Every structure is written in structure tokens, then in C-alpha cells.
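Shown next, in C-alpha cells, is the structure this report addresses.
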Amino acid sequence: MTTIAVSTTINGDDVEYLCHADESLLDVLRNRLGLMGSKEGCGTGDCGACSTMLDGRIVCSCLVLGAEAEGREIETIEGMAHGHDLHPLQTKFLEHAALQCGICTPGFLMAAKALLDVNPDPTEEEIRFWLAGNLCRCTGYDKIVRAVQDAAAEMRGDAA
Amino acid sequence: MSFDASYNEKELNAVGTRPVRPDGVDKVTGRARYGADYNMPGQLVARVLRSPHAHARILRIDTSQAEALKGVKAVVTAADLPDLTDGDASLFAILDNCMARTKALYDGHAVAAVAAIDVHVARKALKLIEVDYEVLPHVVDVDLAMAPDAPVLDETIITKGVTPAPDAPSNVFAHSEFGHGDVAAGFAKADEIVERTFKTEQTHQGYIEPHACVASCNSDGSAEMWVCTQGPFVYRQVCADLLGLEVSKLKVTSSEIGGGFGGKTHVWAEPVALALSRKAGRPVKLVMSRNEVFRASGPTSATSIDVKIGATKDGTITAAEATLRYTSGPYPDTWAETGAMTAFACYDLENVKTVGIEVLVNRPKVAAYRAPSAPMAAFAVESAIDSLAHKIGIDAVDFRIKNAAREGTRSSYGPVYGPIGIGPTLEAAKAHAHMSAPLGKNQGRGMACGFWFNFGGQTCTDLNISADGTVTLSVGTVDVGGSRASLSMIAAEELGIAYEDVKAGVADTASLGYNDMTDGSRGTFSSSMATISAARNAIAVMKQRAALMWDIPVEDIEWKDGQAHAVGASHDNLAPLSVKDIAAKAGNTGGPIAGHSELVADGAGVSFGTHICDVEVDPETGATRVIRYTVIQDAGKAVHPAYVEGQYQGGAAQGIGWALNEEYIYGEDGRLQNAGFLDYRIPVCSDLPMIDTQILEIPNPNHPYGVRGVGETSIVPPLAAVANAVSDAVGVRMTHVPISPPRILAALKAQR
Amino acid sequence: MVQVTLWAGLRPLAEDQEHVTIEAATIRELLSKLQLRYPALEQPFRNDVAVAINGTIYRDDWSQGIPEDAEVFLMRRIPGG
């Protein structure tokens, strides 16, 4: 099968890769680029474990073709912390015990970050509907919602 | 070394706090490695060919074209997994389930597998495998499978547990019976009786991480496997048995596990990956798709349950009876028996009888799912209890309190209870503000109790003290929900050092002695017991080292607050020695300092919970929203309360999904029609409210800190709590879960 | 002497006895003496049995002592999730 050459930006770095025409962005990230923080829970866009930012929009990377990344900007979970400095969402997920098995966590963090980028002060209902595309089977979502609320408050500079 | 596991009340410092888990940073940065996140040099990609038929005889499999395809390195069928099970029927069922031998028994049953250089070649190869099937009549419904004209899955099965034994084979593998007293006499004394049949549909554990492994068999007979599992030692044993490998030559490393809930206590594709690697002579990676997870890894039983309960007007239950029919998939198992044992376990009953009936159907082999078999039985019983309370006009909580099992009650499954915690959870529910909160239009409230047997099991830990006084703790129970944090806390508590100075990790099978799986709510219960024992052993070593450093008798040394203290008048000018002081000198006082423990953690104690649920039902659409939910459960002692709450909330959410949405839907052709998260809908964030929790702490007498398992019980009450709430809201008794919109609309229509 | 109750599934293997009286100080002794009396119990005793002593269920610790006059119940070893 012939491959397609792609030039893109991932977490701020220029990246070039070859991929098959039918290869998902998720497979490219995981299998070709070693960015295995994005997870495959379903491969059909139902679970959100592969949530990735594409030009500032949250997408299921299992539903995006690797070839579609040409000339675009991608952010993955690997780019969320700056060196050792965790993003407030990452810190709050840890403090609130908002993860048990953790397989869904990268997707939730990416999706929650996308929410706070556009809405720094979401209501509980807004958080719940925004995150409805991300499945978690362990937590019942309670602590995830609280972690997002707390991170949002901290990012706004509100007293916790 | 002898170890006293009995409860000893003392002040705890680390235990009961909420520190960040040791594996946390890896999990929020994407660095944690799960089943599919591991690769080996020269690794091949495996794909599995699965039966499209619910029931079919395999007449011929021709793999020659697939084998001839460039890039294909191995093709396996059942012929490559010879039967080494030596008459062990349950092991044979596992083998046959991994790869169909003579018959495909359900839609999705594996019939062949390939290993190829990449996924494209592997997929192409699957299409080149020719399988001739003789399609047979199938049956998927539990009641239909018991009908006299049902197609029989296994002609060798004659129902066990009935006298006289039937003379013809059927799909009923066994009857089992529990109870005491005389139910007929009990019903004769009743003023009111409720008798109903309930049904529950088959659900899946729904872990977000599909099964995944990398298997590598070497020419020297050694093998390795990286795999997501709840029990690497059990996987090692089962795989070694099925493949004829020497147990100690197979090293199994458990990856981070992306959810299991019982579903990763059984092997599915792992023996197939090993067989492919053995044949290809190269490592093989096998990752299931979500479709395969639903079609071919284990769901729960579907059930049909008759319940009859009678009570006098003053609210005393005089007799209770249930017949519980559970599907087990296409192989014999004991799921109905477990359901029959748990059904009435919450109550003090003079006359009780339960019968469990195991039914074979053309569905995937049933696997454990969090308190396996108990939620369905609790749904039926707690629904009937609720109806009966209404009928005699007594408050549902008071009715349960009046009839609750207590110390000295003969349990419905046989033994007499010691001290148990159902009473306190019911009293807490009665006193909870949730119980008296006002309800709006179309809203209803329900509550229900649940019971589960927790257990312990074989457990082994190593506690090593490094030269700088920090501690590594190796445990053999897979961490499914934060147990590395709780076990680090326990080690810190026992040694008297800071939590940050302990790092717990899960060992592979080559690095630690055998451990049973993380199941039966045993992870923290068992491994904390072994950790306490290991820490005490390490303290004994440190006291000896301190004695050498001080040159005094070891008898004159006391361990307190993480330090060795010299006691006695002649030593009182000696400054205490900390773990760090002692560890720094280890090289000259006898070498590395460690504490080990190998034990059987037993006496886990049974567990009870009470849940309260409010719902709002839209009478136009039949859609239900859970608007408030409260979980009350006894933890014995909550080591890390945030993760205990997490277990309560997670179990409740799974139970709510089971109650309202989740079900396997089969077509007339016996094929699963909703093998994906779009159509098999687990609760999403916008479906649920916050889930309130109340942790009761009634110490477990059989654990040094009083810890009980907390993982499973929380999934037992929700089906009934939700059903009782919906029934309250709509004024019709809902008897079939999931209580989906069509079922609610049908019930409302029937009422009009 | 302890009186042991067998769960229904075991009774056909023990001459249909529901209760058996046996002299035993530990679970191990109890199981070996029962098996001696009813050899057909060997199969379920391999891996299918748990023992409740005064309501506390033991699945593995066969060294557990059986107090005088204890209530002893042989149960099926149940699976977990």
C-alpha cells in the first residue's frame, strides 16, 4: 500500500511522517510517533479516550485520518504539561482522585482543557454535557466534574 | 513467620488521609503503559477470525491460502491448542472458549487467528481462511433455552441436582438449593404475599480498555507476556496449563489496567497470542477491538427470577422464596447458585428457600462482573420487598430495618452471621437528609439494600528498605483503583515514616511469589494485610541492626514512631535511630534490609450497602433521569477515603447503567446487534448527578486496622434502588431491567 | 465434636447427609476426616469449598482453628469480580 507524506505540527513541534491513506490519526500518533498517551477504547468515536486537539478543536483522533493532519496543529496529552509543571487540570485530577484505572484520563483532560479554553467558568451542567463524549467506567464522573470545577476556579484566580 | 491479623484499635496517622497516588503523574501525562502501549522487537500483529453464527458445527477450516499470503507468519486453529486439560471440565471450557473446537457456540466465538507483519496483511489473511459451517438452531433467551423444544447446546448435559435425574439432555446444567425452615408453613401465616417474575438483561463490564497483550515464546521453552489483567499469576497458571508450558518459565507482567470489574479475571485471547508466537517464533501483539470485547469477552448472566415473599400486617416477613434462572453462556457454570446464595442475605428469615438454575445459551461465556450474580437477585428481591412494604402499608426502610439480618441470624445461604453491618447502613439511610427531601412532579424515590461476600486469598509482598531509608513495596495484586496509594499509606503507617518515602509497585510473576487475582474486593484488604506483616518483619530486622549498631541486646530495643529506641536505665542517653540511620549502615550490619510476607488473607467478612435514588421520568418519552443518589456502605476502615468513595460512586454508576440502559440485544439470527459503545450505552457524564457517599467504619475484626473490601457491594443495590424509584414515579411496578424508555412507555400504556 | 452442615450440592456425595458430626480442631482436620468418610468429596474439596466458622467464611486458611461448639458450614467457594 502506498503511503502519504504528511507535514504537521504536534505539541508545537514540526513533525513529518508517512502514513497509509486509511490510517487514523490515532494510529499514527500511537504506532508511528510513539505518542501512546492517546488511547483507543473503541475506534468508532464513541468513548473519547483518544481525544486530541486539532486546530483548537477537540476531536476523536480515531475518526481523523493521519493524512488530514497535513498543515494543521495537533495537541495531545503529551503536550499538556510544560516539563515538570503540570497543567492545573492535571493537578486537580490527582488531588480529587478523579481517576481510578486512568485509561480515560488523557481524553478527559484534553476535553476539559478544550472546555476551559472557551468557557473559563462553566456550570456543572455545562461540564457534564461537554464531557458527555468521554466515557469513564470507574468513577461515576463525580470526582471528574469536581476536579474540572476546581481547576477552572484556580485558573480564574478564584479562591478555592 | 506468624502474624496476628486480628483488629487492634490504635491511633492512625497516614491511614485515613487522602494523598496523591504514586502512579498519578504517569496517568495524567499519558506516560502510564496499558496493555496496548507495549511493543517488542520483531513483533507481529494478530487478528482473530470469529464465527458469524450463534451456533454452528465447524465442518472444515482451510487455512492454506492465508498461510501462503506474503507477510503471514502463523495461522492457528484449535488444532494448535491441543486439549491438555485432563478431564478438568472448567479448564476445557476456557480452552474451547478461546478457540472453538468442534462447534462455534456464539456469535463472535473465535475459530482461527493469524499473526502477520502488519495489520493490513493480517486482515487480508483472515479473509482467506475458509470455514465450512453447518448452521445449527440456536437459543439466546434464558426462558426459551429451558423450553422442552429448545435446541440443546451440549448433548452430554444431564441436569445435576434434581432427583430423579432427567433421562434426556437439556440446556439446564444444574439446580442448586439453599434455605431453611418451612416456606409453605411460613406463607400460610402471611397476611399479604407478593409474587412476581423479574427479568434482567445481559450487560458487559464495559471497561474502557479492550483486552490486549504481547506474547513471546522462545525456542528454549521460556515465554513472556505483557497483558492487561486483574491477575498475572492466575493468567500465568491458566496459560501454562492450556499450552503445556512450565509455569516458572512463563513470565507475566501486568500492564496498567484500564478497568476490569471482573472481566479481566478470565483469559480470552492470551492463550491464542501465545500459540501464535509459539508457531511463528516471534513476539505477537493481540489487541481486541471494541466489537470483539462485546461479542467475545465475558458479559454477565441474563436472568429470569421468580420471587415470593409473605409478611404479617405488623411487617414481619414469614416466608421468602425465589427461583433464579441465570444464563452462563454456552458452558456450565455456577452463576445462578451464587445468585441464589445472595438473594435473601440481607434478611432475618425463619423460612426461606432459593433455587438456582444454570442455563446454557448461545451467548458469550459469562464472566464475573463486580459482585457477580448478586445485583440481579437483589433487583428481584428488593423490588418485591418494596411492593410488599407498600401492600402492608409500612415504610420501606422501616420494613427492611424490622427484618434485617443481625448477629445470630441464620443467613439464607446457610451459616449464622457474626457481627454484620446491614443494620447500621439502614439506620444511616433512615436518618439521611436524602430520605426526607421533597420530590417534584414525575419524580420518585427508591431505596434498596445489597449484600456481597468479600474474600481475601493468597497474597505476597516484598518491602525493601533502600540505603536512604526510603521504601519500595512490591505487591502482587493488580491496582485497579488506587491500591498502590492505600498500600503505601499502610506501609508508612506501620513503619512510622512519611507516605512520600514509600513507593508501591505491582510486581511481575518472576519477581514475587504467587498472588490470587484482584477480585472479591480483596486488593486492599489482602495486600494491606501482607504489607503490615512485611513491615513488621522489616521492623524486627531493623531492631536487630540497631542492636548491633548500639551493641546492646535486641530485647532492649523498642520500635516507636519510625525509630528504634533503646529502653532501660543503662541506655537512656542513646538517641533514637531512624529508618534512615539504620538503612545507611545496612551494608555493615548484615546487608540489605527487607521484610517479606507470604500469607493467606482470610476472614474478609461479608459486606452490606444501602442506596437511595431519586429519579424523574418523562411520561411522554419514558426517559428517566437520576436526579439524586446516595450510597451508604461499611468500609471497616477507609484507608484512602477518596478511593473508597470512588468505589462506591463507580459501582453505583455501573448499576444505574444496568438499571436504565445497558443490555445485549440479539437479532433473530442470534447475532449481537449492539456491539459498540454507541448502541450499548453506558452512563455518560450528563446522565448522572453527583453521587453522594457515606462511609461507615465498623472495624473488621479480622484485619489489623479493621479494613474491609469495598469494591463490589456498591453495584448490588442500584438496579433495585432505581427500579423502586421509577416504580414510585410512574405508579407501575417495573419488573424488567434495563428500564428503558420503551419498557416504561409500555408499562404506562398497559396501566391506562 | 463439631457438627458440620453441608451445602445441598455436597450432600449427594456424602450419603445424602445434611449434618455430619466429626472430631476436628482445625479446618484441615475437618476436611481430611470428612473426605476419609466420604471419598466422593475429594473432587469438590480440591477447589470448590469454603468453610464458615461461626459465620466467618474461610476460603484458604485451612489452619484455622474450630472452637468447641462452633457452627461450621461447608459452602461453595464463590467467584468475585
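Read the figures in this text as sums done on the coordinates, not as results from a lab. None of the values given here were measured: they were computed from a predicted structure. As a convention, Cβ positions derive from the backbone with ideal geometry for all residues, glycine included, and neighbour counts pool all protein chains shown.
For the range C:43-63, the candidate set comprises residues that are at the interface with chain B (Cβ under 7 Å from one of its Cβ atoms) and not in a strand (DSSP E or B); within that set, the residue that is surrounded by the most Cβ atoms within 10 Å (Cβ to Cβ) is C:ARG59.
Taking the range A:49-92 as the region of interest, how many residues are acidic (Asp, Glu), within 13 Å of chain B (Cβ to nearest Cβ) and either surrounded by 23 or more Cβ atoms within 10 Å (Cβ to Cβ) or assigned to a strand (DSSP E or B) (or both)?
Qualifying residue count for the region: 2.
Of all residues in the range B:328-359, which are over 22 Å from the mean Cα position of the chain (by Cα) and either at the interface with chain C (Cβ under 10 Å from one of its Cβ atoms) or in a loop (DSSP other than H, G, I, E, B) (or both)? Steps first, please.
Pass one, the range B:328-359, residues over 22 Å from the mean Cα position of the chain (by Cα): B:347-355.
Scanning the range B:328-359 gives B:ASP348, B:LEU349, B:GLU350, B:ASN351, B:VAL355.
If only residues of the range B:652-687 that are of a type in the set (Gly, Ala, Ser) and at the interface with chain A (Cβ under 8 Å from one of its Cβ atoms) are counted, the one that is farthest from B:THR713 (Cα to Cα) is B:GLY676. Please tell me if B:ALA504 is part of a strand (DSSP E or B), touching a Leu at 6+ places or on another chain (Cβ under 6 Å) and away from every other protein chain (no Cβ under 14 Å). Against the criterion (part of a strand (DSSP E or B), touching a Leu at 6+ places or on another chain (Cβ under 6 Å) and away from every other protein chain (no Cβ under 14 Å)), B:ALA504 qualifies.
Restricting attention to the range B:236-269, the residues being farther than 13 Å from B:PRO210 by Cα, away from chain C (no Cβ under 14 Å) and either free of Cβ contacts under 8 Å to residues at least 60 places away in the same chain or not β-branched (Val, Ile, Thr) (or both) number 14. For the range C:6-55, a residue qualifies if it is under 21 Å from C:GLU68 (Cβ atoms) and in contact with a Leu (Cβ under 7 Å, 6 or more places away or on another chain), and the qualifying residues are C:LEU6, C:VAL20, C:ILE22, C:ALA24, C:LEU34, C:VAL51.
So if I check each of B:ILE157, B:ILE208, B:ILE193, which one is within 14 Å of chain A (Cβ to nearest Cβ) and in contact with a Leu (Cβ under 9 Å, 6 or more places away or on another chain)?
Within the list B:ILE157, B:ILE208, B:ILE193, the selection yields B:ILE208.
One residue stands out in the range A:115-160 among those that are more than 8 Å from every other protein chain (Cβ to nearest Cβ) and polar (S, T, N, Q): the one that is surrounded by the fewest Cβ atoms within 10 Å (Cβ to Cβ), namely A:THR123.
Could you list all residues from the range A:96-114 that are in contact with a helix residue (DSSP H, G or I) (Cβ under 7 Å, 6 or more places away or on another chain), within 11 Å of another protein chain (Cβ to nearest Cβ) and either closer than 12 Å to A:SER51 by Cα or not in a loop (DSSP other than H, G, I, E, B) (or both)? Once the filter is applied, which keeps residues that are in contact with a helix residue (DSSP H, G or I) (Cβ under 7 Å, 6 or more places away or on another chain), within 11 Å of another protein chain (Cβ to nearest Cβ) and either closer than 12 Å to A:SER51 by Cα or not in a loop (DSSP other than H, G, I, E, B) (or both), the range A:96-114 yields A:THR105, A:PRO106, A:PHE108, A:LEU109, A:MET110, A:ALA111, A:ALA112.
When you check B:THR610 against the structure, is it of a type in the set (Ser, Thr, Tyr) and crowded, with 17+ Cβ neighbours inside 10 Å, yes or no?
Values: of a type in the set (Ser, Thr, Tyr): yes; crowded, with 17+ Cβ neighbours inside 10 Å: yes.
Yes: the conditions hold for B:THR610.
Across the range C:67-76, the qualifying residues are those that are under 11 Å from the mean Cα position of the chain (by Cα) and either more than 7 Å from every other protein chain (Cβ to nearest Cβ) or polar (S, T, N, Q) (or both), and the one among them that is surrounded by the fewest Cβ atoms within 10 Å (Cβ to Cβ) is C:VAL72. Would you confirm, using the coordinates I've provided, whether B:VAL272 is within 14 Å of chain C (Cβ to nearest Cβ) and part of a helix (DSSP H, G or I)? Here the answer is no, as B:VAL272 does not meet what is asked.
Scanning the range B:583-606 for residues that are within 16 Å of C:GLY80 (Cα to Cα) and not in a strand (DSSP E or B) returns B:ASP602, B:GLY603, B:ALA604, B:GLY605.
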